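Working notes for the structure below.
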Amino acid sequence: MIISTTKESLASPLALVAGAADTRGTVPMLGTVLLKATEEGQLSMLCSDTGMLARTLTPVEVKKAGELAVDVRRFFDLVKAVPEKQPIEISLEEKGTLLVKSGRSRFRLPTLAAADYPRMTPDREGRISVTMNARRLADMISDVSSSMADADLRPFLNGALFTLDKVGLWIVSTDGHRMNVSHEPILGADTLEPRNVIVQRKTVLLAKKLLGQGGNVTLTLGPKNIQFTFDNGAVLLGTAIDGTYPNWRGVLPSTNEKVTVSTDRFANALQMLAATSDDKEKADAMKTKVEMNFTKTTTTLRRGESGLCELESESSTDKPFELAFNIHYLMDAISTMRSVCDEAVICYSATATAITMRPKDKEYPLSVVMPLRV
């Protein structure tokens, strides 16, 4: 394999696929990137940890086609260190080392046989595909990413639920204390067979990065996998998490009262209250408590004796009401709302099972936050 290219052509697509590699594991091959130069003038860069696969394509000058696997971290660090706009020549030497030339510099990296690279071949049966705007799908993932669990003993919570039904695409995540829901209508979804896929956290977060490229993406949900296929040839494939996702629709609280608040003012008030805590308080769940009191025209936020903020709001009732929450959960929820609207609606009821938060003029994204039980 012999190719000529530039730092700009390599660095960005390599940064995207590197997230799929397993650089901390005990299998060396899973910490490599598979480079494949084709006679069509493209370089394929592929990383996989056997549970997820990411591939990008970038145009290069191909002098000799071929493929090899090289340590992704070392190769990426080397590419980043090359001066801007300086040509790079990459070749596979007879003794099996990767030779990287840039200006008057020469670097050699050990390689592994491309034939030994693990292959992921998804089952082609029963797959359902829809095409949508990539940035819109990235926004939907942003809506729910804060409430994905991390290292929970219940594996199905360590990711997000992707659901296609007759009214469109739903993405849901929960860690058992809060839940986020995002929705997008899909034209023709009423003709598709409903499908639920639980996607692991690592795949969801890498998908968000790839979707940031823009353009259109074809989202394919299989019985046991999910695939994102982009216009530029990039592909992200992830295996599904086995398990049954909680009935998220069944846990949506029934609310009859609502308060409308400014997302900016509410977020700023929470940030100021959070600034009053020390490291010990941040580690204690009960010391992260913020009390929220609603009256007809005012919402009051209080952190024990350390801070109090009052902001104007509009309530549907004259009857005062008070609940206590983890301040960080509230901050995540209002941050989600702040990214899509200027005013948010907080809905609650006297039963106090949970509150919901959504944009004033839209149903989604929707955040559900459980109160603290003292």
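The values are calculated or read from the model by the stated rules, or taken from the named source; none is laboratory data. Because the structure is a prediction, the values reported are computed rather than measured. Because the Cβ atoms are built from the backbone with ideal geometry, glycine has one as well, and the counts that use them run over all protein chains shown. Heavy atoms of the whole protein, side chains included, go into the accessibility calculation; ligands, DNA and RNA do not. Shrake-Rupley method; radii C 1.70, N 1.55, O 1.52, S 1.80 Å.
Key figures for this structure:
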| read-out | value |
| --- | --- |
| The chain: angle of helix 7-18 to the longest principal axis, Cα-based, in degrees nearest 10 | 60 |
| Selected from L311, A333, V369, residue furthest toward positive end of dipole (segment 247-374; charges at beta carbon) | V369 |
| Charge-dipole axis of the chain as Lys and Arg at +1 and Asp and Glu at -1 on Cβ define it, positive-most pick from P122, L99, A20 | L99 |
| Cβ-derived FRET efficiency at R0 22 Å, S349 paired with R265, nearest 0.05 | 0.35 |
| Per-residue SASA entry for R119, accessible area with 1.4 Å probe, Å² rounded to 10 | 140 |
| Folded to 0 to 90 degrees: helix 263-274 orientation relative to the chain principal axis, Cα | 90 |
| Loop-exposed GluC sites (Glu not before Pro) per DSSP, neighbour cap 14 Cβ within 10 angstrom, longest uninterrupted part of the chain | 126-304 |
| Extension gain, E322 back to A275 (0.36 nm per residue minus Cα-Cα distance, nm) | 14.7 nm |
| Label zone at E39 (point 7 Å along Cα-to-Cβ), backbone N below 20 Å, segment 67-83 | 67-68 |
| Prolate/oblate/rounded label for segment 300-347 (Cα gyration tensor, a/c 1.5) | oblate |
| Cα gyration tensor category, rounded, prolate or oblate, for segment 125-167 with a/c compared to 1.5 | oblate |
| Aspartates and glutamates with Cα under 12 Å of K319, excluding same-chain neighbours fewer than 8 positions away | E257 |
| Point-charge dipole on Cβ atoms (K/R +1, D/E -1) for the chain, about Cα centre, debye to 20 | 780 |
| Most fluctuating residue given options I128, I226, I198, as computed from a GNM of the chain linking Cα atoms under 10 Å | I128 |
| Phi to ³J(HN,Hα) by Karplus 6.51 cos²θ - 1.76 cosθ + 1.60 over segment 210-217, Hz, x for Gly, Pro | 5, 5, x, 5, x, x, 10, 9 |
| Extension gain, Q86 back to A11 (0.36 nm per residue minus Cα-Cα distance, nm) | 25.7 nm |
| Dipole of the chain, positive direction: furthest Cα of T351, I171, L211, with charges on the beta-carbon | L211 |
| Potential lengthening between R24 and D123 on full extension [0.36 nm per residue; Cα-Cα distance subtracted] | 32.8 nm |
| Entries in K166/K289; K36/K166; K258/K289 that, when Cα-Cα distance is taken, lie over 30 Å | K166/K289; K36/K166 |
| Value of relative contact order over the chain, rounded to a whole percent, pairs C-alpha under 8 Å and six or more apart | 13 |
| Segment 154-280 - charge dipole about Cα centre, Lys and Arg +1 at Cβ, Asp and Glu -1, debye rounded to 20 | 220 |
| Karplus (6.51, -1.76, 1.60) ³J(HN,Hα), θ = phi - 60°, over segment 252-258, in Hz, Gly and Pro reported as x | 5, x, 8, 10, 10, 10, 8 |
| Other-chain or far-sequence residues with amide H under 5 Å of A240's (modelled H) | N225, I226 |
| Accessible area (Å², 1.4 Å probe, nearest 10) - K224 | 150 |
| Segment 151-275, accessible surface, carbon-and-sulfur percent (1.4 angstrom probe) | 52 |
| Where T263, T6 fall by accessible area, highest first, once all protein chains stay in place (1.4 Å) | T6, T263 |
| Kirkwood-Stokes translational diffusion coefficient of the chain, alpha-carbon pairs, 10 °C, 1.306 mPa s, µm²/s | 69 |
| Karplus-derived HN-Hα couplings along segment 235-243 (A = 6.51, B = -1.76, C = 1.60, θ = phi - 60°), whole Hz, x at Gly and Pro | 9, 10, 10, x, 7, 7, 7, 6, x |
| At most 15 other Cβ within 10 Å, DSSP loop - chymotrypsin sites (Phe, Trp or Tyr not before Pro), segment 215-249 | none |
| Helix 327-338 vs. the chain, principal-axis angle (Cα, 0 to 90°, nearest 10) | 70 |
| Residues of type aspartates and glutamates that K7 reaches as a straight line, Cα spacing below 12 Å, ignoring anything fewer than 8 places off in the same chain | D77, E84, E89 |
